[in-house]
């Protein structure tokens, strides 16, 4: 956000970068639950969430399949992340009939919409991990 001070009028006027703030929902001076950026960040927040999303991008997986793909995550944390994804409408829990009944988690269309965000975050993170070139005087 860029602010300019009008010395004659004695007040501040706001100018918005239309690519960063294309509509009024992002024109806020504090984090807001209605801001699309805050909503997107909330969707991927929490340790392990991005990795759970990454695994589910390939298709439905059971809890035990997710645990085997992410062996360092505890059952409690994985359960919490899956609950968060389902409560936000980003994933579904699908139970199949039979014995024993099987449960699988799959991303909804809303969850799949996070794919470009995860790719962009990876690319930016890779760039940030690259040592910065020395600045020239």
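Fewest neighbouring Cβ atoms within 10 Å first, the residues 52, 94, 73 line up as 94, 73, 52. Label-to-label distance for residue 136 and residue 119 is 3.3 nm, based on points extended 7 Å past Cα in the beta-carbon direction. Take every Cα pair under 8 Å in the chain that's 6+ residues apart, average their separations, divide by the length, and report that relative contact order as a whole percent. Result for the chain is 16 percent. In this rough spin-label picture, where each label sits 7 Å from Cα along the Cβ direction, the residue 44-residue 30 distance is 2.6 nm.
Principal-axis analysis of the Cα atoms of the chain puts helix 115-129 at an angle of about 60° to the longest axis.
Per residue, the convex hull spanned by the Cα atoms of the stretch 79-137 amounts to 130 cubic angstrom. Expressed as a fraction of 2.2 N^0.38 Å, the C-alpha radius of gyration for the stretch 32-128 is 1.12. Taking other C-beta atoms within 10 angstrom as a stand-in for reagent exposure, 123, 38 fall in the order 123, 38, fewest first.
Once the Cα atoms of helix 75-87 and of the chain are each reduced to a long axis, what angle between those two axes, in degrees from 0 to 90 to the nearest 10, is obtained? In the chain, helix 75-87 runs at an angle near 60 degrees to the longest axis.
Calculated mean residue ellipticity, 222 nm, the chain: -11500 deg cm²/dmol, from DSSP H runs (n ≥ 4) at -39500 (n - 2.57) each, averaged per residue and rounded to 500.
Just so you know, all these numbers are worked out from the coordinates, no wet-lab data involved. These figures come from a predicted structure and were not determined experimentally. With ideal geometry, Cβ positions are generated from the backbone for all residues, glycine too; neighbour counts draw on all protein chains shown.
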